[in-house]
Structure formats: structure tokens, C-alpha cells
1. If you rank H68, H42, H51 by how much accessible surface each has, with a 1.4 Å probe, what is the order from largest down?
2. Would you kindly find the accessible area of R40, with a 1.4 Å probe and non-protein molecules such as ligands, DNA and RNA excluded, rounding to the nearest 10 Å²?
3. Summing +1 for each Lys or Arg and -1 for each Asp or Glu, what net charge is found among the other residues whose Cβ lies under 12 Å from the Cβ of R60?
4. Suppose each label sits 7 Å from its Cα in the direction of the beta carbon; what would the R40-I18 distance come out to in nanometres?
5. Express in Å², to the nearest 10, the accessible area of F63 obtained by rolling a 1.4 Å probe over the protein heavy atoms while all chains stay in place.
Amino acid sequence: MRFFPYHVDDLDQSFQDIGDELRNQYSIAYLPTNYVLDGRYHKIRIEVPEHKGYQVRARRGYFRPRQHECSTTANPGAAEIK
């Protein structure tokens, strides 16, 4: 979401809107059951049933590290749902 206050008087409402936006964000994460350090690109698809005004912001995919690039298992993908 972007905020474009046109007058100084609009700043108060813009800051209120930004605060509301920040308080209404959620993050989800997952770890696939077949997690293999293969260096390949893997697609992500997030679906929200019956939309109901939610907006999903997520990457379309991610590259898994190769075995030699990673000493610990990292979170491979995350999405933000508002």
C-alpha cells in the first residue's frame, strides 16, 4: 500500500493508515517435507480461499542452496498476508 498525502493536514491520517497496515500484517513460513539442498529454483503458490479483502504479497519462488553453500537449514520461503 502506498500513501500520498497532498497536504500537511493529510499526514496525520497517512500515519494512522500506516500504523493500521503494520498492525494487520501476518507472516507465514513453511519447510517442505522433501527439502533437498539441490540449488534448484522452486515455485511458490499461495492461495486465499474466498479472498475476503486479503492481499497476499509473496515471492514467486526461491532457489534452494546447494549442500556446500549451507551449513544450517534456512527458512526456504515466507509470505506475508494482510
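1. H68, H51, H42
2. 140 Å²
3. With Lys, Arg at +1 and Asp, Glu at -1, the neighbours total +4.
4. Rounded to a tenth, the inter-label distance reads 4.3 nm.
5. 150 Å²
The values are calculated or read from the model by the stated rules, or taken from the named source; none is laboratory data. As the structure is a prediction and not an experimental result, all values here were calculated from the model. Positions of Cβ are backbone-derived with ideal geometry, glycine not excepted, and every protein chain shown enters the neighbour counts. Ligands, DNA and RNA are excluded from the accessible area calculation, which covers all protein heavy atoms including side chains. Shrake-Rupley method; radii C 1.70, N 1.55, O 1.52, S 1.80 Å.
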